[in-house]
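Here's the structure, in structure tokens; my notes come after.
The values are calculated or read from the model by the stated rules, or taken from the named source; none is laboratory data. Predicted model only: the values in this text are computed from it and were never measured. Positions of Cβ are backbone-derived with ideal geometry, glycine not excepted, and every protein chain shown enters the neighbour counts. These accessible areas exclude ligands, DNA and RNA; they are computed on the full protein's heavy atoms, side chains included. Shrake-Rupley method; radii C 1.70, N 1.55, O 1.52, S 1.80 Å.
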Amino acid sequence: MNIDTIRSHFPILKKLIHKHPLVYLDNAATTQKPQCVLDALEDYYCEINANIHRGVYYLSEKSTQAFEKARCIVQRFINAQHPQECIFVKSTTEAINLVARSFGDQFIKENDEILISAMEHHSNIVPWQMICQNKGAHLKIIPMNTKGELSIDTLSQYFSKKTKLLAITHVSNVLGTLNPLRDIIKEAHAHNIPVLVDGAQSAPHLKVDVQDLDCDFFTFSGHKIYGPTGIGILYGKAHWLKAMPPYQGGGEMILQVTFEKTTYKEIPFKFEAGTPAIAEAIALSSALEYLNALGWDYITTHERDLLDYAIDALSLVPGLKIIGTPQERIGVISFTMDGIHPHDIGTIVDQFGVAIRTGHHCAMPIMDFFSIPATARVSFGIYNTHEEIDCLIKALQEAKLLFKL
Ligand code: PLP
């Protein structure tokens, strides 16, 4: 499909910002939404809005069918074995907290260890710290090198009999590193250690196959994959999810309640207490179908091309330093510029309609590792173009002029 046609699917891309065409390069934070996703939200509320799994009337049945169909679309999208292995949650953050609490309650004891990597988002650090604190367990860290790659060759030295789980990002939201997960998971499984994958930055950019990865848990957020906010996915292998206690209690997750005792439904409902984000789940499935229709060959080739073009262009800006140079990378470039704080870079390029992220990107340990307070970060999506990267470079040059650099 032609890039102009793809861009025409995203109404917000027609906007002018400070009289300049919007150049949206903050896709790692959240993506823009195609018309089919906006239509799915409106159609739901105009045509079939009713609470699910409860009513026997027409609208409730239609709404339930659409919600459960959305689950099947998610299942196929990540190639899970069963739809029940796909749980609707609010976000990646909620998915990881669910596993930390539920798996943690059941399987983590005093002096056990949980392993994460040095390049995790706070969402894949803090929930584990909390469960470690509750249980008297310990958080261990797989280190990385200055390229922003994990030390895979020495991985097994971080596994021990006490390691109960490895929780690791598929793609770093700061460095863009694509971790070699199949090898990592194989090694972890050889030590009988289950693996949770934070897929927030991978699912929008590459074809995810949870069976091929053989991960035990996989998480991603709807809003980063061209879907709505307030919806995300936790995939878990059925045998783990069945063995884990519910994360929250309430309506819809129970079989029977008396004041003495409550029994729970099977998965996935055991983990979906209360009314879920129904419209958002359905609209998320529209986003996934939209990506399927574009095709992963297009998506990966286009985004690889943008990344190469941007790295070449940024490398030519004097005083600009790209943070992290991993061999295998996807969709994200962080950088600093001599003499300009990243926040100033972000504010100045915004005057030219260019939206980039600045700060620590919810990954303070990565900032500490590189001894920097913050970076500027550009991140790409299916609708970005070379011309937009040219606009970024021009805006960066304006920033340098303003700072007399
Ligand atoms: N993990 C990674 C790698 C991320 O980049 C993000 C968000 O930027 C998250 C987790 C958290 O995602 P959410 O805020 O949608 O829960």
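Observations on the model:
- Within the chain, DSSP assigns beta bridges of which about 60% are antiparallel (rounded to the nearest 5).
- Of the residues 260, 113, the one with the largest accessible area comes first in the ranking 260, 113, computed with a 1.4 Å probe on protein heavy atoms.
- Screening the chain for whole DSSP H helices with an alpha carbon extent of at least 27 angstrom along the helix axis and a mean Kyte-Doolittle hydropathy of at least -1.0 yields 58-78, 296-315.
- Solvent exposure of the range 38-292, expressed per residue, is 42 Å² of accessible area, with all protein chains present and a 1.4 angstrom probe.
- For the pair residue 248 and residue 133, a Förster radius of 25 Å applied to the C-beta separation gives a FRET efficiency near 0.80, rounded to the nearest 0.05.
- Share of carbon and sulfur in the accessible area of the range 38-292 stands at 49%, probe radius 1.4 Å.
- A cut-off under 13 angstrom between Cβ atoms defines the neighbours of residue 359, and their net charge, with Lys, Arg +1 and Asp, Glu -1, is 0.
- Cα Rg, Dmax, the range 24-126, angstrom units: 18.3, 54
- Taking all protein chains together and rolling a 1.4 Å probe, residue 144 ends up with roughly 20 Å² accessible.
- Residue 405-residue 141 FRET efficiency (beta carbon distance; Förster radius 22 Å; 0.05 resolution): 0.05
- Per-selection metrics, the range 38-292 (Cα): Rg and Dmax in Å: 18.6, 60
- Spacing of the modelled spin labels on residue 29 and residue 189, each 7 Å from Cα toward Cβ, amounts to 3.8 nm.
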